[in-house]
Amino acid sequence: MTLTVALACESESDLAIYRFLASAIIERPVVVWTGDTVFRGCSAVGKLASAFLARAEAFGICHALLAIDNDGRSKARLEHDGTHVLQTFDGADNDRCRECWLTEAAPPSWRDGAKLVVAVPVQTIETWLLCVRGTAFTTKTPEHQYDRKALKNSFGLKGLPEAERIRLAMAELEKDTALATLRTRASFRRFEARLAAWRSAPLA
């Protein structure tokens, strides 16, 4: 019943979060393949995505998840919407929508059908965790709170070992209400909708 997924994200704790969420959404165990590639930060995920996916394809892997934080600002890296048009990937682009930017990094063969899922929480993965925790945001909504460092610090992961970061994240995501709460966020709804096709994927 397992599904092998090539997963590229910014840290070990992010990888654990996305594996858990993918498994919960498609209702089957997810085995992560990284090809021993080490990603550090969103730029690395974008710039290494093409080679990473080519290696995954060579290994016979048919599903991939690329995930980075949005790290948005008030006039740049705005949240994705359906009117955006993909362009040629530019690794130095620091302004455009991160969902488009990361999708553009993938080879065309991976963009067809339901092979590739791109996830970009607004503004950071801690946004999703804070919402599950029930945090009252002081600046409108997480989408309009552009201080990424403040959002991360609010969840309390700063300076902690990866194992402890993962434990705290799982404590929120394992709540019975976690998925329902996350579905109030547009970025999570896009992520979940794209994963829907994986529920009927062949066993791997």
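At a glance:
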item: Tally, over the stretch 176-204, of residues that are loosely packed, with under 14 Cβ neighbours inside 10 Å and at pLDDT 90 or above; result: 8
item: Selection status of A136, without any contact (Cβ under 8 Å) to a residue 40 or more places away in the chain and out of contact with any helix residue (DSSP H, G or I) (no Cβ under 8 Å at 6 or more places or on another chain); result: yes
item: Candidate set from the stretch 101-145 (those that are closer than 17 Å to L86 by Cα and charged (D, E, K, R)); member that is surrounded by the fewest Cβ atoms within 10 Å (Cβ to Cβ); result: D112
item: Scan of the stretch 81-117 for residues that are assigned to a loop (DSSP other than H, G, I, E, B) and touching a strand residue (DSSP E or B) at 6+ places or on another chain (Cβ under 9 Å), ordered by number; result: A106, K115
item: Neighbours by Cβ (under 6 Å, 6+ apart or cross-chain): first from the stretch 35-61, outside any helix (DSSP H, G or I); second polar (S, T, N, Q); result: I61/T4
item: Cβ-Cβ under 6 Å pairs, at least 6 apart or on other chains, the stretch 160-185 side under 16 Å from I125 (Cα atoms), far side aromatic (F, W, Y); result: L173/F20; L182/W128; L182/F188
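The values are calculated or read from the model by the stated rules, or taken from the named source; none is laboratory data. Predicted model only: the values in this text are computed from it and were never measured. Every residue, glycine among them, receives a Cβ derived from its backbone with ideal geometry; neighbour counts consider all protein chains shown.
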